[in-house]
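Take a look at the structure below.
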Amino acid sequence: MKNEDFLRLVVVGHVDHGKSTLLGRLLSDTGSLPDGKLESVKAYCKSNSRPFEYAFLLDALKNEQAQGITIDAARIHFQTKKRDYLIIDAPGHIEFLKNMITGASRAESAILLIDAKEGVMENSKRHGYLLSMLGIKQILVCINKMDLVDHSEKRYEEVKQEYSNFLKEIGIKPKGFIPISAFEGDNIAEKSKKMDWYKGTTVLDFLDSFEKSKASFEKPFRMPLQDIYKFTDKGDDRRVFAGKIETGKINVGDEIVFLPSNKTSKIKTIESFNTPVMDSALSGESIGFTLEEQIYVKRGEVICKKTEKMCQSSSLIKANIFWMSHSPLTKDKTYYLKVGTDKVKMRLRSIERIIDATSLDSNNKEQVERHDVAECILELNDPLAFDLAKDIEELGRFVIVDEYLISGGGIITANMDKRASKIQKQLLLREEKWEKSSVTFEERSVRFAQKPCMVLITGEKEYDKKPLGKMVERELFDHGRNVYYVGMSNIVSGLNIDIKKNSSEHVRRLGEIANLMIKSGTLIIATASDLTYEDIQMLKMIVGEDEIKVIKISSENGASDLLLKPDMDMKENTIAILEYLRDERIIFLP
Amino acid sequence: MDRLDQLEAQAIYILREAYANFDNLAMLWSIGKDSTVLLWLARKAFFGHVPITLAHIDTHYKIPEMIEYRDNLARKWNLNMVYGENTDALNDKQTFPDGNVDRIQCCRNLKTEALKNTLSGAWKRYRMNHETGKYDVDNNKEPYTGVIVGLRADEEGSRSKERYFSPRNKENDWNLDDQPPELWNQFNTDFAPGTHIRIHPILDWTELDIWKYIERENIPTVSLYYDQGEGRRYRSLGCYPCTTPVESTAKNVAEIIAELESGKFSKIAERSGRAQDKDDGGGLETLRREGYM
Ligand SMILES: Nc1nc2c(ncn2[C@@H]2O[C@H](COP(=O)(O)OP(=O)(O)O)[C@@H](O)[C@H]2O)c(=O)[nH]1
């Protein structure tokens, strides 16, 4: 097997439209079958008076594979003049959609089959949609079984037209269409004499014109942080930031930014084991590096280069989702969304439309059911760093975890929080210009046995949160903590005297004040009613998602770190808050 | 990046995902070439360290050189080395070599059961004490919730249906057709209480990839894989009563690679020297379903 140039290919389509037949043909027409295999299967069929099917041939091959006979055929290979193809097994039955998607998500090219006689069916559409969502750009559509429609150009054009229209609606442009007969071998390896009207190339030549996935090192640098290693107990003092470079390249000396925290630093060394010393690394590599300046970031953040276009961060996104689980995606449940190496709590805010794979009609469902494709707005508990799938697909795709299992997948199509990108720009500048204190965060933490942060008490207006905030402040102070209660009115009539009443600028300034106070080592208790979801997310961006704990007092459920009931008395709620702060190690024993 | 580079980068990514997501993580080390490559990949992933427990199931019928090799590397690379065994079955002589059970039952006793109970912490584990170089009874009885296995899809049929991260229930069961999906590089890293996840970083590697990588990285392997002048070598290592060598004059890694590339074994299963495979109808499905690896 030629190592460098092999293309991963998946063959999809409605059941019985000819996937196995085409595969069998491709293998036999490229001479990729073991000697005598085809003949023996044909002979077997004859002696059992059954019509020969290429599917039997594939079964026979799989059987051998099951006994471990082929050494380099984990999956099925065939070879053309140009290169090797690795075929990814993708069962077409709707029950196996999970397996098809698993396989197809690792392919770089696809053939989609449509039966000329039967025409475009439900799974022809669904598979087309899924291929595009999975990021497969090189799609060849084969209109199969042309022999059953008398090799009619008219029928071919009909089916082609219908399917093109569908693809157009969902924004997909296939690389091409070819009329074939998989069974008879027309237009597979050789041009068919029965379809003179067709002027294009054969399937094999078409596949050879596909390109190996575009060098992703030409895109801006993206590396989701997988972990930070420090094996001091093994006598190693390096602090290594590890991950796999998704796109772009990086050099020693490059200035980098971690998103969504906006922390910046510079690459000091690139680390690896049992290789020559490296001073640069490219997309696809699993590497690690050390930094000039020690900063506190965590797994899940995305590393970008300061000189390039960076990712966005926001907690409100629009996405196209494909759902695979028996239990539907609903609005009253909390899920996890995973992008890159990040994992954030997620809720379904709204369903914009559900795309019926058969009719493309949108209908008004309240939930996304198994095998539905839907356009949705998702709310995240914390800011997430991502790209739109159309820009950098590696950072624009996600899975949704329900309970313990991956239940859906999708791509991000828009950032719905318009404020977020503006704030992000401001924060980048703030981080860049920030004068670092001569006293470290740790020193301050140790002195007061607390992790300075903002405890934001919010929720129903009817419940008076101020006395609660002050009671928590008093308790903490009496136990030797450095704590301060900030009410919104402290700011509104002072620092914010120049701002209109309902402006979100109030919240931004509250965030900046909190940030300064946290940096000074103070634990801040703040109370505010009427904060919108976007407001809280903005605060998280400004002070950092780890430096804020949201405590909600509400009779309804909702996104928060701690939910308290309004019918509890103040003393009980104070105790609950203090307990929570201890559990979260915001306050600890000296 | 060539094929080996890509396979390596992916395996490292998976190992790091495993390490980041599981507190109680163990890596099975059978001493064979695949799991030794895996161990090497862990050193790559963690910059020369192996912060993961290595678990070995000692059947007491391994070729003695294998155990010696295991302990030497464990000392040299400072590994968290743990082994477990089915003490009762060994004491009661419920083994094939003792003539009391058939091969399949012997595998079940000495491997499957030993593995299950070692991983769950139900049976004693022995941990290498790097000060004395000996094994002490391990105080840690926590079940391992993430188990890294050096399984390859091309080895035998049932294995080609695996995912990189395969959830298993309490009984070690898995339902081939109903595994959760795994998209792009997003894996199933969450698990319900009482269940665990099998992790397969080298699923996409072939036998040839393994040997090419051993050559490229210069990874130490047991000498049993090479012909010692008698025209025979082991292609797959197991217990000596049930493992037979293949005819081959390959004396080193380069010669093994040449041999594989020549297609000499292309019609012979890699594990054909392992007698239990045949007794289980070729596919090992029964044993695998029960948790065999
Ligand atoms: N007449 C004709 N029959 C075909 C052609 N391709 C496939 N078939 C038949 O269509 C049926 C389904 O094909 P198969 O490859 O098993 O479909 P799959 O379910 O997509 O894998 C089989 O009976 C095939 O022989 C073709 O080009 N012409």
**Prompt:** Looking at this structure, is A:Gly185 touching an Asp or Glu at 6+ places or on another chain (Cβ under 9 Å) and within 14 Å of another protein chain (Cβ to nearest Cβ)?
**Reply:** no
**Asked** touching a helix residue (DSSP H, G or I) at 6+ places or on another chain (Cβ under 6 Å) and within 16 Å of the ligand (Cβ to nearest atom): does that describe A:Ile180?
**Response** no
**Item:** Residue within the stretch A:539-554 that is in a loop (DSSP other than H, G, I, E, B), of a type outside the set (Gly, Ala, Ser) and touching a Ser or Thr at 6+ places or on another chain (Cβ under 7 Å) present
**Value:** no
**Prompt:** Could you list, in sequence order, the residues of the stretch B:44-92 that are within 14 Å of chain A (Cβ to nearest Cβ), under 16 Å from the mean Cα position of the chain (by Cα) and not in a loop (DSSP other than H, G, I, E, B)?
**Reply:** none
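Rundown of residues vs (1) part of a strand (DSSP E or B); (2) touching a Leu at 6+ places or on another chain (Cβ under 6 Å), yes/no style:
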residue: A:Ile270; (1), (2): yes, no
residue: A:Phe273; (1), (2): no, no
residue: A:Arg299; (1), (2): no, yes
residue: A:Met310; (1), (2): no, no
residue: A:Lys331; (1), (2): no, yes
**Asked** Within the stretch A:174-195, is even one residue outside any strand (DSSP E or B), within 26 Å of A:Glu393 (Cα to Cα) and under 25 Å from the mean Cα position of the chain (by Cα)?
**Response** yes
**Message:** Here is a check on your reading of the model: is B:Ile31 of a type in the set (A, V, I, L, M) and part of a helix (DSSP H, G or I)?
**Reply:** no
**Asked** In the stretch A:398-420, which residues are of a type in the set (A, V, I, L, M, F, W, C), more than 14 Å from chain B (Cβ to nearest Cβ) and part of a strand (DSSP E or B)?
**Response** A:Ala414
**Prompt:** Name the pairs: first residue in the stretch A:26-53 and at pLDDT 85 or above, second residue of a type in the set (Gly, Ala, Ser) and more than 16 Å from the ligand (Cβ to nearest atom), Cβ to Cβ under 9 Å, at least 6 apart or on different chains?
**Reply:** A:Leu26/A:Ser32
**Fill in**
Counting only residues in the stretch A:7-46 that are part of a strand (DSSP E or B) and either more than 14 Å from chain B (Cβ to nearest Cβ) or within 11 Å of the ligand (Cβ to nearest atom) (or both), the one nearest to A:His77 (Cα to Cα) is identified as A:Leu9
**Request:** Say whether the condition of being within 14 Å of another protein chain (Cβ to nearest Cβ) and of a type in the set (Gly, Ala, Ser) is met by at least one residue in the stretch B:28-42.
**Result:** yes
**Asked** For the stretch A:499-532, how many residues are at pLDDT 85 or above and part of a loop (DSSP other than H, G, I, E, B)?
**Response** 4
**Message:** Take A:Ile491 and tell me if it is of a type in the set (Val, Ile, Thr), in a helix (DSSP H, G or I) and modelled with pLDDT under 85.
**Reply:** yes
**Request:** Provide a single number: the residues in the stretch B:205-237 that are in contact (Cβ under 8 Å) with a residue 40 or more places away in the chain and in a loop (DSSP other than H, G, I, E, B).
**Result:** 8
**Request:** Under 7 Å between Cβ atoms, at least 6 apart or on separate chains: pull out the pairs that start in the stretch A:293-311 with a residue that is closer than 21 Å to A:Lys422 by Cβ and end on any residue that is among the polar types (S, T, N, Q).
**Result:** A:Glu301/A:Ser261; A:Lys306/A:Thr264
**Prompt:** Counting only residues that are modelled with pLDDT of 85 or more, surrounded by 15 or more Cβ atoms within 10 Å (Cβ to Cβ) and in a strand (DSSP E or B), how many does the stretch B:238-286 have?
**Reply:** 1
**Fill in**
Every listed condition ((1) surrounded by 18 or more Cβ atoms within 10 Å (Cβ to Cβ); (2) of a type outside the set (A, V, I, L, M, F, W, C); (3) under 30 Å from B:Thr145 (Cβ atoms)) holds for B:Thr195 save (1)
**Message:** If B:Ile210 meets every condition in (1) closer than 26 Å to B:Asn72 by Cβ; (2) surrounded by 16 or more Cβ atoms within 10 Å (Cβ to Cβ); (3) modelled with pLDDT under 90 apart from one, which number is that one?
**Reply:** (3)
**Prompt:** Counting just the residues of the stretch A:105-138 that are within 14 Å of chain B (Cβ to nearest Cβ) and in contact with a helix residue (DSSP H, G or I) (Cβ under 6 Å, 6 or more places away or on another chain), which one comes out modelled with the lowest pLDDT?
**Reply:** A:Gly135
**Asked** Out of (1) in contact with an Asp or Glu (Cβ under 7 Å, 6 or more places away or on another chain); (2) free of Cβ contacts under 8 Å to residues at least 60 places away in the same chain, what's the single condition that is false for A:Asn165?
**Response** (1)
**Message:** Can you pull out every residue in the stretch B:184-231 that is among the small types (Gly, Ala, Ser) and assigned by TED's automatic domain parsing to the domain that holds B:Lys76?
**Reply:** B:Ala192, B:Gly194
**Prompt:** Hey, does the stretch A:156-170 have a residue that's of a type in the set (A, V, I, L, M) and closer than 23 Å to A:Phe210 by Cα?
**Reply:** yes
**Request:** Tell me, please, whether a residue that is assigned to a helix (DSSP H, G or I) and over 37 Å from the mean Cα position of the chain (by Cα) can be found in the stretch A:421-434.
**Result:** no
**Request:** Working carefully through the options A:Ala374, A:Ala385, find the one that is part of a strand (DSSP E or B), closer than 30 Å to B:Pro167 by Cα and in contact with a Cys (Cβ under 6 Å, 6 or more places away or on another chain).
**Result:** A:Ala385
**Asked** Which one is farthest from A:Asn187 (Cα to Cα), of the residues in the stretch A:136-169 that are of a type in the set (A, V, I, L, M), within 16 Å of the ligand (Cβ to nearest atom) and part of a helix (DSSP H, G or I)?
**Response** A:Val159
**Prompt:** Which of the residues belonging to the stretch A:255-277 are touching a residue at least 12 places away in the same chain (Cβ under 8 Å), within 14 Å of chain B (Cβ to nearest Cβ) and over 16 Å from B:Gln6 (Cα atoms)?
**Reply:** A:Thr269, A:Ile270, A:Glu271
**Asked** Filtering the stretch A:264-283 down to residues that are in contact with a helix residue (DSSP H, G or I) (Cβ under 7 Å, 6 or more places away or on another chain) and surrounded by fewer than 20 Cβ atoms within 10 Å (Cβ to Cβ), which residue is farthest from A:Leu429 (Cα to Cα)?
**Response** A:Asn274
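The values are calculated or read from the model by the stated rules, or taken from the named source; none is laboratory data. Being a predicted model, the structure only gives us computed values, none of them experimental. Note that we place each Cβ from the backbone using ideal geometry, even for glycine, and neighbour counts take in every protein chain shown.
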